[in-house]
Every structure is written in structure tokens, then in C-alpha cells.
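Chemist: The structure's right below; bear with me while I get my questions together.
The values are calculated or read from the model by the stated rules, or taken from the named source; none is laboratory data. What you see is a predicted model, and the numbers here were worked out from it, not measured in a lab. We place every Cβ from the backbone using ideal geometry, glycine too, and count neighbours over all the protein chains shown.
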Amino acid sequence: MAEHNRTGALGEQVACRYLEDLGYEVLERNWRHGRDELDIIARTTRELVIVEVKTRSSADHGEPEEAVKKGKRSKIIKAANAYVHAIGTDLALRFDIVSVIIHASGKPYIHHIPDAFYPTTHDRPF
């Protein structure tokens with residue numbers, strides 16, 4: 001496995017533990033719909049939470065969450081719609097980002113961004 005894949009897998013593990021410690025129930029990891037993937041699907045008592053995890057070994061090239069741009073958000077929303085359709089739920093849907101930086105010491109820095117983005121019907125408001 002390539003180093004960046006190991007870093008990503010470790011970041012997802014760290015994010016899952018972090019969310020579980022906050023009381024989230026992790027329902028799925030790496031759920032796929034075609035070519036699209038949802039890193040973590042979790043729930044709180046009132047919400048279904050789609051979590052995109054971005055992991056880096058440093059912030060030298062910017063914060064990890066900055067990599068979740070418009071195209072990536074569109075893919076996440078598309079996959080989330082497929083998941084909701086497949087399971088059928090009345091829970092409110094929320095999109096979070098968990099940004100993880102794994103320092104050389106092995107200690108992770110975690111930045112959780114609840115409600116990081118929202119689905120829209122179009123890109124521009126006109």
C-alpha cells in the first residue's frame with residue numbers, strides 16, 4: 001500500500017474514534033456507489049451525518065479540508081442521495097468534514113467541521 005493510502009486509512013480510523021467518542025454511531029465506512037465513495041456515514045439521535053475525511057502528514061500545502069472543493073462536494077452529495085434512497089430514512093442529513101494532520105510524532109491534530117457544506121439545486125442563485 002502506498003504511503004498516502006496508509007495515511008488516509010489512519011486518518012479515517014482516527015476520525016471514527018473521534019466521532020464515536022462524541023457519541024456518534026458509525027454506520028458505514030468507505031460506502032461506495034459506482035465510482036463515488038462516502039468515507040464515513042454516522043448518525044446522531046437526530047441526524048444522518050456524511051463525513052468526508054481529509055488526512056495529511058503536515059499542513060505545508062494547506063489545511064486538509066481545503067481539498068474538499070466543489071467537484072468533490074458534488075460527488076459526496078450524489079453518493080449521499082444514493083445512500084438515503086437505498087436505506088430510506090427520515091433523519092435530517094448533514095455534511096461534515098474531519099480534517100486530520102498526523103504529525104511525525106504520530107499524534108493527530110483533528111479539526112471537525114460540522115455542517116461544512118450544503119447541497120444546492122444549482123451553483124448560482126439565479
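Chemist: If a residue must be of a type outside the set (Ser, Thr, Tyr) and within 13 Å of residue 96 (Cβ to Cβ), how many such residues does the range 13-58 contain?
Modeler: 19
Chemist: Same structure again: Taking the range 64-77, which residues are surrounded by fewer than 15 Cβ atoms within 10 Å (Cβ to Cβ) and either part of a strand (DSSP E or B) or in contact (Cβ under 8 Å) with a residue 40 or more places away in the chain (or both)?
Modeler: 70
Chemist: Report yes if residue 117 is free of Cβ contacts under 8 Å to residues at least 60 places away in the same chain, closer than 21 Å to residue 18 by Cβ, among the aromatic types (Phe, Trp, Tyr) and part of a loop (DSSP other than H, G, I, E, B), otherwise no.
Modeler: On the way: free of Cβ contacts under 8 Å to residues at least 60 places away in the same chain: yes; closer than 21 Å to residue 18 by Cβ: yes; among the aromatic types (Phe, Trp, Tyr): yes; part of a loop (DSSP other than H, G, I, E, B): yes.
Yes.
Chemist: I'm trying to understand the selection: among the residues of the range 13-48, which are surrounded by fewer than 18 Cβ atoms within 10 Å (Cβ to Cβ) and in a helix (DSSP H, G or I)?
Modeler: 13, 17, 18, 20, 21
Chemist: Any residue in the range 98-111 that is buried (at least 16 other Cβ atoms within 10 Å of the Cβ) sitting within a Cβ distance under 8 Å of a residue that is assigned to a loop (DSSP other than H, G, I, E, B) and among the acidic types (Asp, Glu)? List the pairs, counting only those 6 or more apart or interchain.
Modeler: If the second residue must be assigned to a loop (DSSP other than H, G, I, E, B) and among the acidic types (Asp, Glu), the pairs left are 99/63.
Chemist: Now for a separate question. Can you name the number of the only condition in (1) modelled with pLDDT under 95; (2) in contact with a Phe, Trp or Tyr (Cβ under 8 Å, 6 or more places away or on another chain) that residue 61 fails?
Modeler: Result: residue 61 passes all but (2).
Chemist: Residue check, residue 91 against (1) touching a Leu at 6+ places or on another chain (Cβ under 7 Å); (2) surrounded by fewer than 17 Cβ atoms within 10 Å (Cβ to Cβ); (3) touching a residue at least 60 places away in the same chain (Cβ under 8 Å), all met but one. Which one?
Modeler: Here residue 91 meets the rest and fails (3).
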